[in-house]
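Student: Before I ask anything, let me first share the structure, which is written out below as structure tokens.
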Amino acid sequence: MINKPDKIIQKQLQGDVTSNSAFLADTDVAVIGGGVVGCAVARKMALKGASVVLIEKASDILDGASKGNSAILHTGFDAPVGTLEWQCVQRGYEEYLAIRKSFNLPLLKSGALVAAWTEEEESRFPDILKKGSENGVKDLGMLSRSEVLSREPNLSVDIRAAITVPREFVIDPWSTPLAYLMQALENGGKALFKAGVTGGEFTGSKWLLKTARGKVRARYVINCAGLYGDILDRDVLGSSEFTIKPRKGQFVVFDKAAHKLITSIILPVPTKRTKGIVLFPTIFGNLMVGPTAEEQEGRDDASVDRNILNELHAQAIKKLPALENIPVTATYAGIRSATERPEYRIIEDTERNWITLGGIRSTGLTSALGLAQHVYGLLLKKGAEFSEVANPSIPKVPNLAEHLPRDCETPDYGEIVCHCEMVTQREIKAVLESDLLPAGSLSGLKRRTRVTMGRCQGFYCSAHLAELTEGKFQEPIAVGETDE
Amino acid sequence: MSDTLKYDICDVAIIGGGPSGLAAATTLKKSGVERVVVLDRESVAGGVPRHCGHPPFGIVEYKRILSGPSYAKKIVKTAITAGVDIWLKTTVTSLGNEGRLTLISPDGPGALEANRVLIATGARETPRSARMISGQRPLGIYNTGALQSMIYLKKRVPFHRPLVVGTEIVSFSALFTCRKAGITPVALVEENKKTSVMWPIGYGTRLFGIPLLMNTSILSIQGHERVEMVKLSDKDGNEKDINCDGVLFTGQFIPESSLVRMSHLHINQITGEPIVDKYGRCSDPSYYAAGNVLFNPVKVAGKCWRAGQATAQWIVKDLMGTAKRKI
């Protein structure tokens, strides 16, 4: 039986509650953190028939590490062999492809090339091929210089050779987790925003979590707090087995005119520390270069740096010379929740029914569904019993991919608000007025519609947007009215 | 979709209903061209003057001093009176060979085949991102265009104490707009040792009592939710923090030529404007361009109006088969 969410309660959970002593929910599973991992875990729990509450400290999902990733669906060809990360990437990859059409989630079948620009890089190809094969990615191939250039004629002639990864794809990094959480909510789950967890007590059978909005009782807690995962463990459990080492990645986004310059994701030959700087088409019709890998203290300081952006820009031009004449649309940085060790940090406190999913870095977008399967497996081992939802409701997300029909191609959309990204008034209103999961911030609205994310960056539409979003967000665009 | 596609033809299609586009349209009609269609993606035509609340507009065209919004209304009325068709909320999505345009409007996708097309899409200011400015990305960072639309069209203010960047003519316009809306800029900064334009900036900053910081560049923008502070540096590397709740990037206009960039037309790769001959004709002779999409630096409405008229006259001759075909 489908357990439809109570719309009134849902709205109440998203609105402002002044008292933090209020009792908000008694649930089987509490998922802390509304990033891609938290959204995927909440979905799995709801589908398996558990009652689930996702608890997020920000006013919308994807406010931490998940807001700035490379949007690549990884095959795991270069993952550490035999690790849990590799397993979750593979399972996540398969499940994404199996479910994505039902959610209306797009896929850009770009394929990837691991490109060697130096003799040294080329000398590592045998290792990469061997690792791919050990990881079960059997369709890797080799291209000579001339073969690479016939496939990607705009790449610099300095290219030496490449390994093809045919099933490495590009997806929508924000609609994907949104679809997961929407499905959780449509099938009985709840989401609680502006509810940072401040503490908790385990009473022997259940947790009583304290949040900024009130209390939540839960049998199991899944820590998906990403960049704050270690702090949450310390605050509630008393200690953490790992320390988050925030790793910033800056990106430069090129104008849509660049999209036609490459068809594949151009990967570097990976080094120990990072997958390196990637050139890739985005699902939204841009071309991007990034990310850098910069260790820093700040967990929420996603500052960009002019010198590094210029360096990224120059590197992109070196690999793809035609980019020299393409304007830059946007620059941004994401922060990966790396730890002091390279692997995922999945830690189970079996006595206290608490599972921490820590250290989920660059591969999280792909592995999230696999991690959710893994978590469900852990709960079953603990003897959890839920009855699976028979005919789960499947929400459709609006398409934002450039290569597929957009909302503005269907009449009666009101008017186009954002001309650069062709975002309609109908799309914006739908997200603002959603009963299930309205946007909680301007950034949330941007991620869900693309408004102001194009080449003019709000030159034309900020005023219109200020009017449309008035009274909707804690941090509004307009802070006052004119004197007259 | 093809069964719902709306198809139409016209003599001249004009992309953009600002001063140059409307001047061209009016001239074409007055010269006897039968069907002239102006395509404007906004819900009201008139272009940038719609949100420039201050004078002087209209001296060239009407021998009167008007505010931007009154001027915008007047040029629209002039065009309509002359018999121009203005299609609002209509976005041109591609420029095809020989004047074949694809469109999107709330009525659905459409196509318009024009004997000649005039690109009059104007210019916009370079945003923070393309300037590669360091720092965080909080709320409160805008261009003059966005600020003026907010104030004059929507009566709202996005900040109270912004830092204003740039010393072009438009920067003066920005100061005027701030003053009118009760916004007090904390300073005006200019990277160079001279202002981009001479008198209005010195005059304006003195008039409004705003510190003018020359030889000063932005090191980074700080702020979590909203802008809180900007780090500045002078030419000797002396750093200075300035508290503010917004940053207004003025000027550094670039042609609004993304349609051209995505099309078969030749473009000046560095400046981004369509390449035209002395008649304003593009590499595909069915296309012309006029106004601020070609002007660098950008010009005031009166000059764009004149440019639109001049190009329209060439289009008329071209349509009559009398224009010289040499490029």
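Student: For A:L149 paired with B:E113, estimate the spin-label separation in nm (one decimal), with each label point 7 Å from Cα along the Cα-to-Cβ line.
Tutor: Spacing of the two 7 Å Cα→Cβ label points: 4.2 nm.
Student: Determine the shape class of region A:407-468: with a ≥ b ≥ c the square roots of the Cα gyration tensor eigenvalues, call it rounded for a/c under 1.5, and otherwise prolate if a/b is greater than b/c, oblate otherwise.
Tutor: Oblate.
Student: Could I ask something else about it? Where does chain A land at 222 nm, in deg cm²/dmol rounded to the nearest 500, when only DSSP H runs of n ≥ 4 count, each adding -39500 (n - 2.57), divided by all residues?
Tutor: -8000 deg cm²/dmol
Student: To continue, here is another question. Quick one: net charge around B:A289, please, counting Lys, Arg +1 and Asp, Glu -1 for every other residue with C-beta under 12 Å from its C-beta.
Tutor: Neighbourhood net charge equals -2.
Student: Cα centroids of region A:417-441 and region A:77-110: how far apart, whole angstrom?
Tutor: 28 Å
Student: What FRET efficiency comes out for the pair A:F23/B:L207, r = Cβ-Cβ distance, R0 = 41 Å, nearest 0.05?
Tutor: After rounding to 0.05, the efficiency reads 0.10.
Student: Then there is this: Distance in nm between label sites at B:S283 and A:T263, each 7 Å beyond Cα in the beta-carbon direction?
Tutor: Rounded to a tenth, the inter-label distance reads 2.3 nm.
Student: Go through A:K396/A:K429; A:K194/B:K240; B:K30/B:K63 and tell me which ones have a Cα-Cα distance over 28 Å in this structure.
Tutor: Too far apart for the 28 Å limit: A:K194/B:K240.
Student: Here's a follow-up. Rounded to the nearest 0.05, what FRET efficiency do A:K382 and B:E228 give with R0 = 56 Å and r taken as the Cβ-Cβ distance? Could you check?
Tutor: E(calc), rounded to 0.05, equals 0.75.
Student: Right, something else. Starting from the Cα of B:K180, draw a straight line to each of the aspartates and glutamates and keep only those under 12 Å, dropping any in the same chain fewer than 8 residues away.
Tutor: A:E481, A:D483, A:E484
Student: From the residues B:N192, B:T250, B:H224, which one has its Cα farthest along the dipole of region B:127-251 in the positive direction, the dipole being from +1 and -1 charges on Cβ of Lys/Arg and Asp/Glu about the Cα centre?
Tutor: B:T250
Student: Continuing with this model, one more query. Would you pull out the residues with amide H under 5 Å of A:T339's amide H, same chain only if 5 or more places away, H placed 1.01 Å from N?
Tutor: A:K245
Student: Return the aspartates and glutamates within reach of B:K231: Cα separation strictly under 12 angstrom, same-chain partners fewer than 8 residues apart disregarded; answer none if there are no such residues.
Tutor: Hits, sequence-local ones excluded: B:E239, B:D241.
Student: Across region A:77-91, in residue order, what do the Karplus-derived ³J(HN,Hα) couplings come to in whole Hz, using 6.51 cos²θ - 1.76 cosθ + 1.60 with θ = phi - 60° and x for Gly and Pro?
Tutor: Taking θ as phi minus 60°, the curve returns 4, 10, 6, x, 4, x, 8, 5, 4, 4, 4, 5, 5, 4, 5 Hz for region A:77-91.
Student: Taking a spot 7 Å from the Cα of B:K77 along the direction of its beta carbon, which residues of region B:30-64 have an amide N less than 13 Å from it?
Tutor: B:62
Student: Among all the aspartates and glutamates, which ones have a C-alpha under 13 Å from B:K235's C-alpha, if same-chain residues fewer than 8 places away are not counted?
Tutor: Reachable aspartates and glutamates: B:E190, B:E191.
Student: Once both axes come from the Cα atoms, what is the angle between helix B:301-319 and the longest principal axis of chain B, in degrees from 0 to 90, rounded to 10?
Tutor: The answer is roughly 20 degrees.
Student: A follow-up question, please. Using each residue's phi in region A:300-307, evaluate 6.51 cos²θ - 1.76 cosθ + 1.60 at θ = phi - 60° and report the 3J(HN,Hα) Karplus result to the nearest Hz, with x for Gly and Pro.
Tutor: For region A:300-307, the Karplus curve yields 10, 9, 9, 5, 9, 10, 3, 5 Hz.
Student: Would you kindly state how much longer the chain becomes between A:N391 and A:E311 on full extension, computed as 0.36 nm times their sequence separation minus their alpha carbon distance, in nm to one decimal?
Tutor: Using 0.36 nm per residue and subtracting the Cα-Cα distance, I get 23.7 nm.
Student: Separate question: Taking square-rooted eigenvalues a ≥ b ≥ c of the alpha carbon gyration tensor, is chain B rounded, prolate or oblate, where a/c under 1.5 means rounded and, failing that, a/b exceeding b/c means prolate?
Tutor: Prolate, since a/c reaches 1.5 and a/b exceeds b/c.
Student: Just subtract the alpha-carbon distance of A:L97 and A:D301 from 0.36 nm times their residue separation and send over the number in nm, one decimal.
Tutor: So the extension gain works out to 70.1 nm.
Student: Okay, moving on. Quick check: from the Cα gyration tensor, does the protein assembly as shown come out rounded (a/c under 1.5), prolate or oblate?
Tutor: Because a/c hits 1.5 or more and a/b exceeds b/c, the protein assembly as shown counts as prolate.
Student: Projected area of chain A, taken from the Cα convex hull and averaged over every viewing direction, in nm²?
Tutor: The Cα convex hull of chain A, projected and averaged over all directions, gives 23.9 nm².
Student: Let me ask another. Please order B:K278, B:K73 by the number of other Cβ within 10 Å, starting at the fewest.
Tutor: B:K278, B:K73
Student: In nm, to one decimal, how far is the modelled label at B:M320 from the one at A:T83, with both set 7 Å along Cα→Cβ?
Tutor: Label-label distance for B:M320 and A:T83, simple model: 7.6 nm.
Student: Quickly estimate the mean residue ellipticity at 222 nm for chain B, helices only: each DSSP H run with n ≥ 4 gives -39500 (n - 2.57), and the total goes over all residues, rounded to 500.
Tutor: Helix-only estimate at 222 nm: -7500 deg cm²/dmol.
A short reminder: the numbers here are calculations on the coordinates, not readings from a lab. Everything quoted here is computed from the prediction, not taken from an experiment. Positions of Cβ are generated from backbone atoms using ideal geometry, with glycine treated the same way; all protein chains shown enter the neighbour counts.
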